[in-house]
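Student: Sharing a structure here in structure tokens format.
The values are calculated or read from the model by the stated rules, or taken from the named source; none is laboratory data. All values derive from a computational prediction rather than experimental measurement. All Cβ positions, glycine included, derive from the backbone under ideal geometry; neighbour counts span all protein chains shown.
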Amino acid sequence: MKNIGNMMRQAQEVQTRMATMQTELASLELQGASGGGLVSVMMSGNGECKKITLDPKVVDPTDIGMLEDLIVAAYNDAHKKIQQHVQSETQKIMGGMALPPGFKLPF
């Protein structure tokens, strides 16, 4: 029974740390870029798009499709960085706790 008590205590600690991480993610900002930095997207750690910056050189009214593709690529770059950050922070929080295969945090 002592082992179950330790597991419950560890689970509560992890839950508290995960809640703290979620709060910190809201204030975190990461930038993604494309087109050699001509397009950038700033996102919060919880995935909210905060700002899109376009270099005037990339704005061509005759080629809107290219600009759209660059915005999507910059957004995806920022999103990937956020996912990597969350995964890294989650691993730190979880420490050595083993989870069943396919079980992902945060929920």
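Student: Within the stretch 77-98, identify whether any single residue is over 30 Å from Ala11 (Cα atoms) and at pLDDT 95 or above, and answer yes or no.
Tutor: Quick first cut of the stretch 77-98, residues over 30 Å from Ala11 (Cα atoms) only: 77-78.
With the extra rule that they be at pLDDT 95 or above, the set shrinks to 77-78.
Scanning the stretch 77-98 turns up at least one residue that is over 30 Å from Ala11 (Cα atoms) and at pLDDT 95 or above.
Student: Out of all the residues in the stretch 52-71, is one or more under 28 Å from Met21 (Cβ atoms), at pLDDT 95 or above and either of a type in the set (Lys, Arg) or not in a helix (DSSP H, G or I) (or both)? Break it down into steps so the answer makes sense when it comes.
Tutor: Kept after step one, since they are under 28 Å from Met21 (Cβ atoms), are these residues of the stretch 52-71: 52-53.
The next check asks that each one be at pLDDT 95 or above; those that pass are 52-53.
Restricting the remaining residues to those that are either of a type in the set (Lys, Arg) or not in a helix (DSSP H, G or I) (or both) gives 52-53.
Yes, the stretch 52-71 contains a residue that is under 28 Å from Met21 (Cβ atoms), at pLDDT 95 or above and either of a type in the set (Lys, Arg) or not in a helix (DSSP H, G or I) (or both).
Student: Here's a follow-up. Evaluate the following for Lys92: is it free of Cβ contacts under 8 Å to residues at least 40 places away in the same chain, loosely packed, with under 12 Cβ neighbours inside 10 Å and not hydrophobic (A, V, I, L, M, F, W, C)?
Tutor: Working: free of Cβ contacts under 8 Å to residues at least 40 places away in the same chain: yes; loosely packed, with under 12 Cβ neighbours inside 10 Å: yes; not hydrophobic (A, V, I, L, M, F, W, C): yes.
For Lys92, the condition - free of Cβ contacts under 8 Å to residues at least 40 places away in the same chain, loosely packed, with under 12 Cβ neighbours inside 10 Å and not hydrophobic (A, V, I, L, M, F, W, C) - is met.
Student: Among all residue pairs at least 6 apart or on different chains, which show Cβ distances below 9 Å where the first residue, located in the stretch 11-22, is touching a residue at least 24 places away in the same chain (Cβ under 8 Å) and over 11 Å from Met94 (Cα atoms) and the second is of a type in the set (D, E, K, R) and surrounded by 11 or more Cβ atoms within 10 Å (Cβ to Cβ)?
Tutor: Filtered contacts from the stretch 11-22: Met21/Glu89.
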